[in-house]
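Notes for the one structure printed next.
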Ligand code: HEM
């Protein structure tokens, strides 16, 4: 959240990371999702793989849309701070099975 590191740091703007090739493990102190140094997260590879696999499956098998009548500006991006930061209100999205792919339960 350091304004010297990020432009408008409190704005929800995931695209801000697109143009930065940030080393997220230890090297670049602007972005430390897994901490750093001796007490840095030892489970980061497992954590990343788990999240990437789950997200990739959701994006592969479904098309996602906001409920009818809702636009991007209707999504409340407020956060609750705690041990982990999460959304204040749930994100409601409508999945549609992607017809081009057969869904297989694991
Ligand atoms: C996306 C998933 C994860 C995130 C964002 C995350 C993030 C973090 C962060 C920020 C720390 C504190 C690092 C510091 O103090 O500098 C940490 C520590 C730790 N994480 Fe993770 N973690 C994740 C997944 C995991 C997984 C999957 C495991 C184990 C299988 C794990 C095990 C640990 C342990 C044992 C520590 C304590 C390290 C120590 O204090 O020496 N984490 N994690």
statement: Scanning the range 1-42 for residues that are within 11 Å of the ligand (Cβ to nearest atom) and either under 30 Å from residue 73 (Cβ atoms) or surrounded by 11 or more Cβ atoms within 10 Å (Cβ to Cβ) (or both) gives 24, 25, 26, 32, 33, 34, 35, 36, 40, 41
- prompt: What's the number of the condition residue 97 fails, among (1) more than 9 Å from the ligand (Cβ to nearest atom); (2) within 28 Å of residue 7 (Cα to Cα); (3) surrounded by 11 or more Cβ atoms within 10 Å (Cβ to Cβ)?
  reply: (2)
query: Restricting the first residue to the range 47-71 and requiring it to be without any contact (Cβ under 8 Å) to a residue 12 or more places away in the chain and closer than 21 Å to residue 24 by Cβ, which pairs with a second residue that is assigned to a helix (DSSP H, G or I) and within 16 Å of the ligand (Cβ to nearest atom) meet a Cβ separation below 9 Å and a spacing of at least six or different chains?
result: none
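FYI, it's all coordinate maths here, none of it is from the lab. On a predicted model such as this, the values are computed, not experimentally measured, just so you know. Cβ coordinates were reconstructed from backbone atoms using ideal geometry, including for glycine residues, and neighbour counts include every protein chain displayed.
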